[in-house]
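Enquirer: Shown below is the structure under consideration.
The values are calculated or read from the model by the stated rules, or taken from the named source; none is laboratory data. Note that the structure is predicted; figures quoted are calculated from it, not measured. Cβ coordinates were reconstructed from backbone atoms using ideal geometry, including for glycine residues, and neighbour counts include every protein chain displayed.
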Amino acid sequence: MVHFSRHILPNGLRVLIHEDRNTPLVAVNTLYFVGSRDERDDKTGFAHLFEHLMFAGSRNVPDFDEPLQRAGGENNAYTTNDYTTFYEILPANNLETALWLEADRMAALSITKKSLQVQRRVVVEEFKETCLNEPYGDAWHHLSELMFQVHPYRWPVIGLLPEHVENATIEDVRAFYQQWYGPNNAVLSIAGNVRPEEVLSLVDKWFGGIPSRQVPLRNLPAEPAQDALRERLVLADVPVPAVYLAFRMPARIDADFYAVDLLTDVLAQGQSSRLFRRLVKEKQLFSQIDAYVTANLDPGLLVVEGKPAEGIHMEEALAGIWEELNELARQPIEERELAKIQHRFESTVVFSETSALNKAQNLAFYEILKNAELMNEEIGIYLSVTPEDLLQSARRLFRPDNAAVLVYQPKG
């Protein structure tokens, strides 16, 4: 159980504070409710660009990293389809340094031609390195395009084309910042060796004077139901063939999400999982295989990906995956198998809550689900899932008309 207090400043900033006397540290997590789904289809990659721009300096802080390092801290950030997170970990008695830094870039980020040029070049190089020059690096470009026709999940977080970032004007970038990076579109979560009343005083000192902004209303198009299997073959400079089998699944806040999430554990959690045990060890159809969910705020994807073993034809490998999926849709799994997975999940969650950073990040994430209290309730929800729930979810999901198959074959 993670106890916390919630406060909402007059400017709309949501503040969540968790006191943990078992650590000398404090984690500060600033989540902006903006991701790649909030971009225009001709200006993609902006949320990821801001992951970099936010470190380029602000009104009173020309170098974000230097004062944090002097305070004994470290920081990082990441971008998703749905939100962007920035965080710091530092000694608890230096908390104010992190709050000052985060407040300054929320209030007055320095978006100059020079900073934009530098960070634009960094992002474009990252795009080329990870998507264009990395084997299988463009998989999410293909999967997104195959599975989404109208929803903005149809491009990956890094963007649809590098030209969208290359051609971004300073006016475009400043407008994106003004739209999305205000206090009323953010959650500030703080976890560590702190006293909530003192933290709240510091938060009000540094963030209270930042004016709220006019955040755009989301009106994202719902993805229409799929009616046929979608397939794509990619001939590329890859060392070995690979297959990605994707299924459309419920949103993160949907009641059916939990059963679907557990299905991926049945399939690919550890060496006793079905795909590993049967397709890697017993039948030797694959050299490696995995399954996971995207856990998006809007309906996302369950993905099975693997590399067939040497000498195995792709048709045989795919047939092996479908056989395992169809079995999950034919009959309920045994209570013992499900209980093992559920308790492993429970222990993973409990272990993760020993980290101040994990607690800070989870508090912010659950808050944008409209309910940070859900963080303390989900173990119970997962433990209440039954074999019949898994069976019904498998039947809804594992259908060819709800799937896409992406296959990579080496050129030649």
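Residues are listed down the side, and each one gets a yes or a no for (1) outside the structural domain of Ala319 (by TED's automatic domain parsing); (2) of a type in the set (A, V, I, L, M, F, W, C); (3) more than 23 Å from Ala291 (Cβ to Cβ):
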| site | (1), (2), (3) |
| --- | --- |
| Pro183 | yes, no, yes |
| Ala191 | yes, yes, yes |
| Ser212 | yes, no, yes |
| Pro224 | yes, no, yes |
| Asp237 | no, no, yes |
| Ile253 | no, yes, no |
| Tyr258 | no, no, no |
| Leu263 | no, yes, no |
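Enquirer: List the helices (runs of 4 or more DSSP H) inside the stretch 1-119, counting only whole elements, that have at least 1 residues being β-branched (Val, Ile, Thr).
Expert: Values: elements: 46-53, 65-70, 95-108.
Result: 95-108.
Enquirer: What are the residues in the stretch 200-217 that are more than 12 Å from Leu13 (Cβ to Cβ) and touching a helix residue (DSSP H, G or I) at 6+ places or on another chain (Cβ under 7 Å), if any? Even if it seems obvious, please write down each step before you answer.
Expert: Residues of the stretch 200-217 that are more than 12 Å from Leu13 (Cβ to Cβ), as a first pass: 201-202, 205, 214-217.
Passing the criteria: Leu202, Val215, Pro216.
Enquirer: Filtering the stretch 133-172 down to residues that are over 14 Å from Gly45 (Cα atoms) and acidic (Asp, Glu), which residue is surrounded by the fewest Cβ atoms within 10 Å (Cβ to Cβ)?
Expert: Step by step, filter the stretch 133-172, then rank; the result is Glu171.
Enquirer: Next question. Quick check on the stretch 16-39. Is at least one of its residues under 18 Å from Ile170 (Cα atoms) and either out of contact with any strand residue (DSSP E or B) (no Cβ under 7 Å at 6 or more places or on another chain) or of a type outside the set (Phe, Trp, Tyr) (or both)?
Expert: Of the stretch 16-39, the ones under 18 Å from Ile170 (Cα atoms) are 39.
Those left that are additionally either out of contact with any strand residue (DSSP E or B) (no Cβ under 7 Å at 6 or more places or on another chain) or of a type outside the set (Phe, Trp, Tyr) (or both): 39.
Yes: one or more hits.
Enquirer: Related question: Consider only pairs whose beta carbons are under 6 Å apart and that are at least six residues apart or on different chains; among these, list those whose first residue lies in the stretch 107-124 and is buried (at least 18 other Cβ atoms within 10 Å of the Cβ) and whose second residue is of a type in the set (S, T, N, Q).
Expert: Leu109/Ser58
Enquirer: Could you tell me whether Tyr87 is of a type outside the set (D, E, K, R) and either without any contact (Cβ under 8 Å) to a residue 12 or more places away in the chain or closer than 30 Å to Leu9 by Cα (or both)? If you could, list the steps in order and put the result at the bottom.
Expert: Values: of a type outside the set (D, E, K, R): yes; either without any contact (Cβ under 8 Å) to a residue 12 or more places away in the chain or closer than 30 Å to Leu9 by Cα (or both): yes.
Against the criterion (of a type outside the set (D, E, K, R) and either without any contact (Cβ under 8 Å) to a residue 12 or more places away in the chain or closer than 30 Å to Leu9 by Cα (or both)), Tyr87 qualifies.
Enquirer: Further question on the same structure: Mind checking which pairs have a first residue in the stretch 277-292 that is closer than 9 Å to Leu267 by Cα and not assigned by TED's automatic domain parsing to the domain that holds Thr264 and a second that is among the basic types (Lys, Arg) and modelled with pLDDT of 95 or more, Cβ under 7 Å, 6 or more apart or different chains?
Expert: Going by the 7 Å Cβ cut-off, there are no qualifying pairs.
Enquirer: Give me the residue from the stretch 196-252 that is farther than 30 Å from Glu96 by Cβ and β-branched (Val, Ile, Thr) and, out of that set, surrounded by the fewest Cβ atoms within 10 Å (Cβ to Cβ).
Expert: Ranking the candidates gives Val240 first.
Residues checked against (1) surrounded by 23 or more Cβ atoms within 10 Å (Cβ to Cβ); (2) more than 30 Å from Thr294 (Cα to Cα):
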position: Asn11; (1), (2): no, yes
position: Asp20; (1), (2): no, yes
position: Asp41; (1), (2): no, no
position: Phe50; (1), (2): yes, no
position: Ala71; (1), (2): no, yes
position: Thr80; (1), (2): no, no
